Amino acid sequence: MEINGLEILSSFIVLFAVIDMLGSMPIVVSLQEKGVNIAPMKTTIVAFVISAMFMYLGEATLGLFGVDLKSFSVAGAIVLFIISLEMVCGLEIFKQDSPEGMSSIVPLAFPLLSGPGTFTTLLSLRAEYSSINIIIALVLNMVWVYLLLSSTKRVAKYIGAGGLYVLKKFFGVIVLAMSVKLFTSNLATLVEQVMAVNN
């Protein structure tokens, strides 16, 4: 394994776009408004561990349960769809009934930060780049995630209530579009696989 600056930069940019922590800020603020206590370090570490583990063991682990990556992506897309509906329509579908401290993990660390999109991207990058370069890029992205999570209140104060409301609706639509795209693209493949088996 050899450290390559260009591979790190390329991986960082791709992961930065997929994880989209800045775009997730309205969701973080929305969770905090519901009384959820976000633990930045815990969320960041869990998101990194889940992503790194999936990069190496994801497909094999899902295979133990008879689940392929496409099916997993469809399930993750449904969760993202629900989150986006909350943002756009002002609904409360995802009830905060988890044990104390768990909300930093679900839905924030997973599936928002470390979800199907991130998993698929990591597996795709691993097919092209050295694992050490991808891990370094992932670590750099998680540093960015931690910094934003640690300064949520300052960012929210700077943007203002009106700005947060607009961002929440805007990125809610973006998340909605991403979930629909993720759902339809993977569902189409699943349907093709089923039809091929039946034929």
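The values are calculated or read from the model by the stated rules, or taken from the named source; none is laboratory data. Computed from a prediction, not measured in an experiment: that's the story for all the values here. Reconstructed Cβ throughout: ideal geometry from the backbone, glycine too, with neighbour counts over all protein chains shown. Note: accessible area is taken over every heavy atom of the protein model, side chains too, but ligands, DNA and RNA are not part of it. Shrake-Rupley method; radii C 1.70, N 1.55, O 1.52, S 1.80 Å.
If you take the residues of segment 112-160 that are charged (D, E, K, R) and in a helix (DSSP H, G or I), which of them is farthest from the chain's Cα centre (by Cα)?
If we take residues in segment 112-160 being charged (D, E, K, R) and in a helix (DSSP H, G or I), then Lys157 is farthest from the chain's Cα centre (by Cα).
Can you find a residue in segment 90-105 that is modelled with pLDDT of 80 or more and in a helix (DSSP H, G or I)?
Checked against the condition, which is being modelled with pLDDT of 80 or more and in a helix (DSSP H, G or I), segment 90-105 yields no hits at all.
Counting only residues that are among the polar types (S, T, N, Q) and under 27 Å from Ser150 (Cβ atoms), which one in segment 102-131 is surrounded by the fewest Cβ atoms within 10 Å (Cβ to Cβ)?
It comes out as Thr121.
Within segment 138-147, is there a residue that is more than 22 Å from Ile3 (Cα to Cα), open to solvent by 10 Å² or more (accessible area, probe 1.4 Å) and of a type outside the set (Lys, Arg)?
Checking segment 138-147: at least one residue is more than 22 Å from Ile3 (Cα to Cα), open to solvent by 10 Å² or more (accessible area, probe 1.4 Å) and of a type outside the set (Lys, Arg).
Got a number for residues in segment 1-15 being assigned to a loop (DSSP other than H, G, I, E, B) and either touching a helix residue (DSSP H, G or I) at 6+ places or on another chain (Cβ under 7 Å) or open to solvent by less than 60 Å² (accessible area, probe 1.4 Å) (or both)?
3
Just give me the residues in segment 12-48 being closer than 16 Å to Phe119 by Cα and at pLDDT below 90, in sequence order.
Ile13, Val14, Leu15, Phe16, Ala17, Val18, Ile19, Asp20, Met21
Specify which of the listed residues (Val79, Val74) is open to solvent by 50 Å² or more (accessible area, probe 1.4 Å) and assigned to a helix (DSSP H, G or I).
Val79
Would you please list the contacts, defined by Cβ atoms under 7 Å and residues six or more apart or on different chains, that run from a residue in segment 2-20 that is more than 12 Å from Tyr129 (Cβ to Cβ) to a residue that is of a type in the set (S, T, N, Q) and open to solvent by less than 80 Å² (accessible area, probe 1.4 Å)?
Cβ pairs passing all conditions: Phe16/Asn141; Val18/Thr118; Val18/Thr121; Ile19/Thr118; Ile19/Asn141.
Okay, residues lined up against (1) in contact with a Phe, Trp or Tyr (Cβ under 6 Å, 6 or more places away or on another chain); (2) under 25 Å from Leu176 (Cβ atoms); (3) surrounded by 14 or more Cβ atoms within 10 Å (Cβ to Cβ):
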| position | (1), (2), (3) |
| --- | --- |
| Ala17 | no, yes, no |
| Pro26 | yes, yes, yes |
| Ala47 | no, yes, yes |
| Thr61 | no, no, no |
